[in-house]
Amino acid sequence: FTGHSHIYERSMLINGAYSTPTVSEGVILDDGDGNPSGDGPYLKSAGLVPHNGTVQVVAGHGGTKVSRKGTMPIMRSIFVENGSVLVSISDNVLTGTMLNLDGLIRDTFAIKKEGTVNHSPIENPWNPVTGQKPVKKKSISGGEKVPPVAKMIIGKNSQWAYFIDAESPPENWNTLAFNHSSWKKGESGFGFGDNDDRTVLSNMKNKYTTLYLRRSFALPEGIDYKKIGLAVSYDDAFIAYLNGKEILRVGIESGNGKRARNISSHEANNTFEYFPFDENAIKALEGGVNMLAIEGHNHEKESSDFTMHPTLILKK
């Protein structure tokens, strides 16, 4: 722990990051988010094993002023907010939690020591500047024609929990464990300016570009997972998550939330496009209750319209 730079920063699992300036090459052992509800905790061998990885936390955000200058390439989570860091240990798991001044959880990570874990430095680790790993779900420009539908798992005009603000929600907003009781509720579609919206976001224009949606669902028994897919009417772009895992990226080249970059313009035209679940999406499905989360983006604040109307279907 260090606490001198007026910021909260938390690294990936690292070993030997002693050079000046700090570099990520050859020192990142695990570039996941370390969140038990996300990529999972960082794993280390039981006992005292040298060079098995550590997490560096800069807890310098308890003073009167917070500020930021540049980005350290080893960091996995960065918040320029006042707050505190809580650390707890239960059995073989250490958990760190960053709470901001309002008591919201902004970052969670865990380190679990069990068995024998052999790490090697990752050649192309996650990049905190772009907010993504070099190898990531590629953005696509559009979907397919919607096929005949056997069942609507999440239908049109369904109720969703939604969040729209200049700030991004907590990092775990797209997981099943996240409590969205403080979020607003509304029926899809969401948007303004094109007369196809059930929940009108009248204050979005010139203020916000991003809408966050969450809805849980359960799958019917005995269905063919390969026949599941999203059918979405959208303007301009979106990222879809299933149980905290990114499964689809449409019209957004890199990043997410406030870090999203190169957002394409796309008109909804009151039509839906189909995006079948691929192998990664199917692997993200859980037995019982699942959480579908959608991050909708407008091309620019000054845009004349916005639409986000997601559905989840089982095709015939």
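What follows draws every value from the coordinates through simple rules; no lab data is involved. Fair warning: this is a prediction, and the values are worked out from it, not measured in the lab. Don't worry about glycine lacking a Cβ; one is built from the backbone with ideal geometry, like all the others, and counts go over all protein chains shown.
Taking the Cα centre of the chain as origin and charging only Cβ (+1 Lys, Arg; -1 Asp, Glu), how large is the dipole, in debye to the nearest 20?
On the way: 34 positive and 35 negative charges, 43 e Å.
In total the dipole reaches around 200 debye.
Projected onto its three principal axes, the C-alpha set of the range 117-270 covers 52, 46, 33 Å, listed from the longest axis down. Partners of LYS315 within straight-line reach, counting lysines whose Cα lies under 25 Å from its Cα and excluding those fewer than 8 residues away in the same chain: LYS137, LYS138, LYS145, LYS151, LYS156, LYS226, LYS227, LYS245, LYS283.
Express the relative contact order of the range 149-315 as a whole percentage, based on alpha carbon pairs under 8 Å and six or more residues apart in sequence. Please list the in-between numbers first.
Details: 389 pairs, mean separation 61.2, N = 167.
Answer for the range 149-315 is 37 percent.
Loop-located chymotrypsin sites (Phe, Trp or Tyr not before Pro) across the range 1-109 with a Cβ neighbour count of 12 or fewer within 10 Å are PHE1, TYR18, with loop assigned by DSSP.
Close amide H pairs (under 5 Å, H built 1.01 Å from N) link ALA150 with LEU314, LYS315, LYS316, residues at least 5 positions away or on another chain. The alpha-carbon atoms of the range 1-110 define a convex hull whose volume equals 104 cubic angstrom per residue. Gap in Å between the Cα centre of the range 201-218 and the Cα centre of the range 274-316? Between the Cα centre of the range 274-316 and that of the range 201-218, the gap is 13 Å. Here, the chain yields an orientationally averaged convex hull projection of 17.4 nm² when only Cα atoms define the hull.
Report the relative contact order of the chain, percent, no decimals, based on alpha-carbon pairs under 8 angstrom and at least 6 residues apart.
Details: 768 pairs, mean separation 59.4, N = 316.
Contact order relative to length: 19 percent.
Applied to the range 103-118, the Karplus parametrisation 6.51 cos²θ - 1.76 cosθ + 1.60 on θ = phi - 60° returns per-residue 3J(HN,Hα) values of x, 7, 6, 9, 7, 9, 9, 9, 10, 10, 10, 7, x, 10, 10, 9 Hz, with x for Gly and Pro.
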